[in-house]
Amino acid sequence: MKLINFEEFVETMGYSGYDDEKVTTEFIQYLAKMISPRVAIKNFPQNVFQAKFFLYNGVVPSNVFSLQCSKDIC
């Protein structure tokens, strides 16, 4: 399984400051080119628009986990 940090993806690919639709579209295309059949995505979605756009235009994920904890526990 490959871990992809969405925030690092945005920064590395130079998408900082772009609108959610553009960034999410590019992220979907990036994921489509992945060789790994399983990926864990960190820090995505960051808002409701990204979540809905991803579900409508991408592949519906088979499992979704939302993990939250304080910085002390992490």
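Structure data summary
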read-out	value
Among V23, I35, T12 the positive-end extreme of the charge dipole of region 2-57 (Cβ point charges)	I35
Lysines with Cα under 26 Å of K22, excluding same-chain neighbours fewer than 8 positions away	K2, K33, K42, K52
Per-residue [θ]222 nm for the chain (sum of -39500 (n - 2.57) over DSSP H runs n ≥ 4, rounded to 500)	-12500 deg cm²/dmol
Fully extended contour minus Cα-Cα distance, from A51 to V64, at 0.36 nm per residue	3.5 nm
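Bear in mind that the values in this text are calculations on the coordinates, not laboratory data. Everything numeric in this text was worked out from a predicted model, so none of it was measured. Cβ coordinates were reconstructed from backbone atoms using ideal geometry, including for glycine residues, and neighbour counts include every protein chain displayed.
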